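A short write-up of the structure that comes next.
The values are calculated or read from the model by the stated rules, or taken from the named source; none is laboratory data. None of these values were measured; they are calculated from a predicted model. Cβ placement follows ideal geometry from the backbone for every residue including glycine, while neighbour counts extend to all protein chains displayed. Only protein heavy atoms, including side chains, enter the accessible area calculation; ligands, DNA and RNA are left aside. Shrake-Rupley method; radii C 1.70, N 1.55, O 1.52, S 1.80 Å.
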Amino acid sequence: MAYRIRPDADFTQAFRGVAAEQLESAITFLEERPDGAHEAIHSFRKNLKRLRSLYRLVAREVPHFQKQENARLRDAARSLSAIRDAAALIGTAQYLQHSARGKEESEALGRIVTILEGRRDWMAEAERGLEQRLIETSGVLKEAITALDGISFDGSHRRNARMLAKSWRRTARKAKAALAGCHGDASADNFHDLRKRTYDYRLYHALLRDIWPGAMKAKRDAAKELVEDLGHIHDLVVLCELVEAEPQLFTRNDDLAHLLDAIIFRQQEDRRQALVKAEAVFADDPDEESERIELLWLTVGN
């Protein structure tokens, strides 16, 4: 089953099917680890992000379930985040190196990448109990699958359409508000909030794609690109925080100067580009857009 809910399907069965598939996929990654523990954790966390967006989509109808399962998934992801975050920092430094302005900066950033690789490997060696945590997290996800048996949507097709429209409108309004906060003297939190709302928005287009396949795909692709850009902005903030928290890692002052200069430049460029894309992605009025979603769901589902 793909990450989608068809308007002509039984909503409860479709919801459970999508959720169970994501949970089973996450369990498989944690238990089999075809590409190693680090990549397994990365894939598992992506599954959980999709799940949390799915659960937010129905939060108004089943608030207790959403709150309970969101907390369960959030805690599960946090329990395995440290090493994966260390690996992500390497990708951030490589991103800076690929857009380096000159040979000297590129070489300095290359040395930064090596430092971060060493830090990741040291953390992996020092990490104790990872195997046990992987097993425990797999057990938590199996409990989440069992919890799906208690969820049901007994409303009519029209009521489900109204629920989806309200969730859509709420997310689009939050995204608009986050976007407004990203102009002027915006903080890193403003852009991170926009990233989270855009992530939900993108996945909602995937979940409900069958009501208008062509248009939903085009908007989903644009939102995906924006999420990636906003992800780079967030990752640069995390890298900057590492410099402040662990300055002893960076023993060459000239390399550190190049790193900070590259971060500042890339942040400015990425923010500017992201704002242009975000204005296009969220150009529609949230009320009109949600009304269109409700009408399409009703029309296609009959």
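List of remarks:
- Residue ranges 238-249, 107-118 sort as 107-118, 238-249 when ordered by packing (mean number of other C-beta atoms within 10 Å per residue, highest first).
- Packing-based order for 62-70, 137-145, using average beta carbon neighbours within 10 Å, highest first: 137-145, 62-70
- Shown here: Cα Rg over 2.2 N^0.38 Å, derived from the displayed model; of the candidates [x] 1.09; [y] 1.68; [z] 1.27, it corresponds to [x].
- Annotation: extensible slack from ILE135 through HIS64 equals 22.9 nm (criterion: 0.36 nm per residue apart, minus Cα-Cα distance).
- The dipole here belongs to the chain: it is taken about the Cα centre, uses +1 on the Cβ of Lys and Arg and -1 on the Cβ of Asp and Glu, and is about 1120 debye.
- Using θ = phi - 60° and Karplus 6.51 cos²θ - 1.76 cosθ + 1.60, couplings along region 288-302 (whole Hz; Gly, Pro as x): 5, 5, 5, 4, 5, 4, 4, 5, 5, 4, 5, 5, 5, x, 8
- The stretch between ILE264 and ASP10 holds 86.4 nm of extra length on full extension. This uses 0.36 nm per residue minus the Cα-Cα distance.
- For region 148-302, the solvent-accessible area with a 1.4 angstrom probe is 49 square angstrom per residue.
- FRET efficiency, GLU24 to HIS192 (Cβ-Cβ, R0 30 Å, nearest 0.05): 0.50
- The modelled label-to-label distance for the pair ASP35/LYS142, using points 7 Å beyond Cα in the direction of Cβ, is 2.6 nm.
- Judged by the gyration tensor of its Cα atoms, with axes a ≥ b ≥ c, region 90-199 is oblate; a/c meets the 1.5 cut and b/c is at least as large as a/b.
- The fraction of Cα-Cα pairs per 10 angstrom bin, counted from 0 for region 24-145, comes to 12, 35, 27, 18, 7, 1 percent, rounded to whole percents.
- Listed residue (ALA77, VAL62, LEU48) projecting farthest to the positive dipole end of region 12-138, Cβ model: VAL62
- Percent accessible area from carbon and sulfur atoms, region 96-247, protein chains only, probe 1.4 Å: 48
- Approximate spin-label separation ASP254-GLU228, in nm, with each point projected 7 Å along Cα-to-Cβ: 3.5
- Kirkwood hydrodynamic radius of region 190-302, from inverse mean 1/r over distinct Cα pairs, in Å: 16.3
- For the chain, the longest principal axis of the C-alpha atoms and the axis of helix 157-181 are separated by about 30°.
- Report summary: the helix-based calculation at 222 nm, which adds -39500 (n - 2.57) for every DSSP H run with n ≥ 4 and divides by the residues of the chain, gives -28000 deg cm²/dmol.
- At full extension, ALA177 and ASP154 could sit 5.0 nm farther apart than now, given 0.36 nm per residue minus the alpha carbon distance.
- Residue pairs, from the table LYS103/LYS174; LYS67/LYS176; LYS103/LYS217; LYS46/LYS103, whose Cα atoms sit over 31 Å apart: LYS103/LYS174; LYS103/LYS217; LYS46/LYS103
- Solvent-accessible surface of region 43-115, averaged per residue with a 1.4 angstrom probe and all protein chains in place: 44 square angstrom.
- Using a probe of 1.4 Å on the protein chains alone, the accessible area found for ARG72 is around 50 Å².
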